[in-house]
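Before any comments, here is the structure.
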Amino acid sequence: MHKVNFFSQLIAGSNIFVIINYDKIVTVETDRLMKLLVLKPCLIARSNGGEISLLERLRIFKSWGIDIQIRLALPSRSYSSPIAILDSFGTPLIDNAYEVDGLRCDVHFDKRFNPDQTFSFAALKEYFVSVLKSENPDLVWVHYTDFAATAAALTWNPKKVWVNITDNEFPRQVDLNQFPILEGTYLQINSVTVASSFMQKSVRADIPWAESLLLPSPLESLSEPPLDRKPTSWVFVNPVPVKGVHFAVELAKRLPSEKFIFVGNWMCSPPETLPPNVTFVPRQKNLLSIFSEAKGILIPSFWDEAFGRIAIEAMAANVPVIGSDRGALPETIGSGGLSLPLDIDRWVKVMNSPSSYFKELSIRGLRRAKQYQNDRDIFYRALYLTLSQQIGFKIDQLPKTKSFETFIDKDSIRF
């Protein structure tokens, strides 16, 4: 077997996320690259935190030499929505394929495919099974709520499947039992991937027979704190009910002398009525310019956040973070910010604190962001080693790292 050394080229703002002297993961028998197949009945784009994290993880895997194959099943090309979404991101579809973050996505169009229609399930599952048989991957990655793709993968070989769960609203097993079309396939789940310890506990409570693997969000876009920050406004991103838009609006009303910026997300319209001290801006490609004028990031989520990537992004940019105590937010924010109950009086009191308090909060946040990045790097080095050992692959030179038992259970994923 020949050895191929290389460096990952994942750029994180002014930092370079480098995993040094990692040899490509290849099969022991044939010296070929390990193949990871991603199946989805919809587009993959940088449209939300879950999709962005998926792309970031795939880029890491690609940097390890893993052969990434992404197969998407979409309705007929005359169905305009997917094309419009790609156009909005400035991503051309050429020969039924497009590229996002350096990853090729191959699209198969069929008028029978519509993930929102029950009658499409059989056609979608049949197509995904045919792809699996043709590609014969070493590992398949599907999303829990992409039912046809997940059912196809679990029918094919459940021991080679990672099922990704990106929010705590996932249908529980008792609900899935009401859908005979799934034919009990979800009972075959062996391995689940999540982004936080909170989600690990949630998954283990509902799918106790499956092993749960914590894959930290890579957060490639973290940048060095800007030197010329001029904080003037409180910032709230994605003004929708589950993210706490009504709570944020009430904060603005209670603090009329403070300025607020509400940042829209994908397909997010401005709330119908906003106080005069609130400025709405549309979705941004990145939040660096917004962070530069942020007095703090407000995350008053009402639902159980599965991770809360914006908290780490803000802390890395030296921006104070105030979030709710729902879901994984207390875990993600840690000692770097505040996780408060959704008590409007308490939030108002904190936001009225002197500037010296928020300066200290910024320092704590920056320290927390650096800790997260360090833990993330150690984790992925450990995962690299674990994959090479467990899936029957080998590498010529093992990466030097700290003991990884804290970050990953070597026996948690079985193939």
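Each reported figure results from applying straightforward, stated rules to the coordinates on display, with no laboratory input. As the structure is a computational prediction, the values presented were derived from the model and not from experiment. Glycine gets a Cβ as well: all are built from the backbone with ideal geometry, and neighbour counts include every protein chain shown.
Observations on the model:
- A cut-off of 5 Å between modelled amide H atoms, ignoring neighbours fewer than 5 places along the same chain, links Phe113 with Ser76.
- Count Lys and Arg as plus one, Asp and Glu as minus one, and take only other residues whose Cβ is under 13 Å from that of Ser324; the net charge is then -2.
- Residues in the range 59-67 carry Karplus couplings, in order, of 5, 4, 4, 5, 5, 7, x, 5, 7 Hz; the curve used is 6.51 cos²θ - 1.76 cosθ + 1.60 with θ = phi - 60°, and Gly or Pro positions show x.
- More than 20 Å apart - percent of Cα-Cα pairs taken over the range 244-312: 29
- Among 120-130, 161-171, sorting by the average number of other beta carbon atoms lying within 10 angstrom of each residue, highest first, gives 161-171, 120-130.
- In the range 33-215, Cα pairs under 8 Å separated by at least six residues give a relative contact order of 19 percent.
- Close amide H partners of Ile261, meaning residues 5 or more places away or on another chain with modelled amide H under 5 Å apart, are Trp234, Val235, Phe236, Thr279.
- Dimensions of the range 33-215 from C-alpha coordinates, computed as largest minus smallest value along each principal axis and given longest first, are 43, 38, 30 Å.
- For the range 233-372: relative contact order, % (alpha-carbon pairs under 8 angstrom, 6 or more apart): 22
- Cross-linked pairs Lys40/Lys159; Lys35/Lys285; Lys349/Lys370; Lys40/Lys160; Lys201/Lys349: Cα-Cα separations exceed 23 Å for Lys35/Lys285; Lys349/Lys370; Lys201/Lys349.
- Backbone geometry of the range 172-179 corresponds, through the Karplus equation with coefficients 6.51, -1.76 and 1.60 at θ = phi - 60°, to 3J(HN,Hα) couplings of 6, 4, 4, 6, 5, 4, 7, 10 Hz, x marking Gly and Pro.
- Integer Hz, Karplus 6.51/-1.76/1.60 couplings in order for the range 201-216, x for Gly and Pro: 5, 5, 5, 5, 5, 9, 10, x, 7, 8, 7, 10, 10, 7, 10, x
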